[in-house]
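Novice: I have a structure I would like to understand better, so I am pasting it below and will then ask my questions one at a time.
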Amino acid sequence: MTITEINPIGNFDSWDEARLKEIKDEKFSLDIGKILFENKELKLWQIELKPFERLPFRHHKNNYSCISFTDGLALSRNINGQIILLRLQKGDHFYRECAEIEMITDFENVGEDPIKIAIVEELVEAKHKAKNRL
């Protein structure tokens, strides 16, 4: 996976009005895609996006792992202004820790081919951390 920053944090000059309105309205989802499996420790999500389909802004509260089942080109906007371009290759994977930071992003297939991704969201870690904060 190649990640290229195409807009820096704090710069909203290139953002369209529809995306800025979504942020202003603060109606963020916790859903990542379609749930394939869930227990008290994890959720297995699947994202399938046709060309130019987009997932709206969603709030990431738990750490997660991601694997791409297809090649593809995607755009992700963060409500902090940053926009990144992701060049996915089949088999690409990564792990992201976000249980202790606010991360609200969207995800859009900007390529000509469908994108298929699986995400394993860790539920235990977030609950454990929240419990230890009390």
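Novice: Does Ile3 count as of a type outside the set (Asp, Glu), without any contact (Cβ under 8 Å) to a residue 40 or more places away in the chain, closer than 22 Å to Glu122 by Cβ and loosely packed, with under 15 Cβ neighbours inside 10 Å?
Specialist: Details: of a type outside the set (Asp, Glu): yes; without any contact (Cβ under 8 Å) to a residue 40 or more places away in the chain: no; closer than 22 Å to Glu122 by Cβ: yes; loosely packed, with under 15 Cβ neighbours inside 10 Å: yes.
In short, no.
Novice: Another question, then. Could you say which residue among Phe57, Phe37, Phe28, Phe12 is in contact (Cβ under 8 Å) with a residue 60 or more places away in the chain and either touching a Leu at 6+ places or on another chain (Cβ under 6 Å) or within 20 Å of Glu122 (Cα to Cα) (or both)? I'd like the intermediate steps shown before the answer.
Specialist: Details: Phe57 fails: in contact (Cβ under 8 Å) with a residue 60 or more places away in the chain; Phe37 fails: in contact (Cβ under 8 Å) with a residue 60 or more places away in the chain; Phe12 fails: either touching a Leu at 6+ places or on another chain (Cβ under 6 Å) or within 20 Å of Glu122 (Cα to Cα) (or both).
Going through Phe57, Phe37, Phe28, Phe12 in turn, just one is in contact (Cβ under 8 Å) with a residue 60 or more places away in the chain and either touching a Leu at 6+ places or on another chain (Cβ under 6 Å) or within 20 Å of Glu122 (Cα to Cα) (or both): Phe28.
Novice: Show me the strands (runs of 3 or more DSSP E) found entirely inside the stretch 27-76 where at least 2 residues are farther than 24 Å from Asp113 by Cβ and within 11 Å of the chain's Cα centre (by Cα).
Specialist: Working: elements: 34-38, 42-49, 54-60, 64-68.
Ranges flagged: 54-60.
Novice: Scan (1) modelled with pLDDT of 95 or more; (2) surrounded by 14 or more Cβ atoms within 10 Å (Cβ to Cβ) for the single condition Phe52 breaks and write down its number.
Specialist: Checking Phe52 against (1) modelled with pLDDT of 95 or more; (2) surrounded by 14 or more Cβ atoms within 10 Å (Cβ to Cβ), the one that fails is (2).
Novice: Now, a different point. Of the conditions (1) of a type in the set (D, E, K, R); (2) surrounded by 17 or more Cβ atoms within 10 Å (Cβ to Cβ); (3) under 11 Å from the mean Cα position of the chain (by Cα); (4) within 20 Å of Thr4 (Cβ to Cβ), Arg19 satisfies every one except a single condition; which number is it?
Specialist: (3)
Novice: Tell me which residues, restricted to the stretch 98-112, are surrounded by 14 or more Cβ atoms within 10 Å (Cβ to Cβ), under 18 Å from Pro51 (Cα atoms) and either more than 11 Å from the chain's Cα centre (by Cα) or among the hydroxyl-bearing types (Ser, Thr, Tyr) (or both).
Specialist: Here is the first cut: in the stretch 98-112, the residues surrounded by 14 or more Cβ atoms within 10 Å (Cβ to Cβ) are 98-99, 103-111.
Cutting the leftovers down to under 18 Å from Pro51 (Cα atoms) gives us 106-111.
Residues satisfying the conditions are Asn109, Val110, Gly111.
The values are calculated or read from the model by the stated rules, or taken from the named source; none is laboratory data. Worth saying up front: this structure is predicted, and the values here are computed from it rather than measured. Note: ideal-geometry Cβ built from the backbone for every residue, glycine included; neighbour counts use all protein chains shown.
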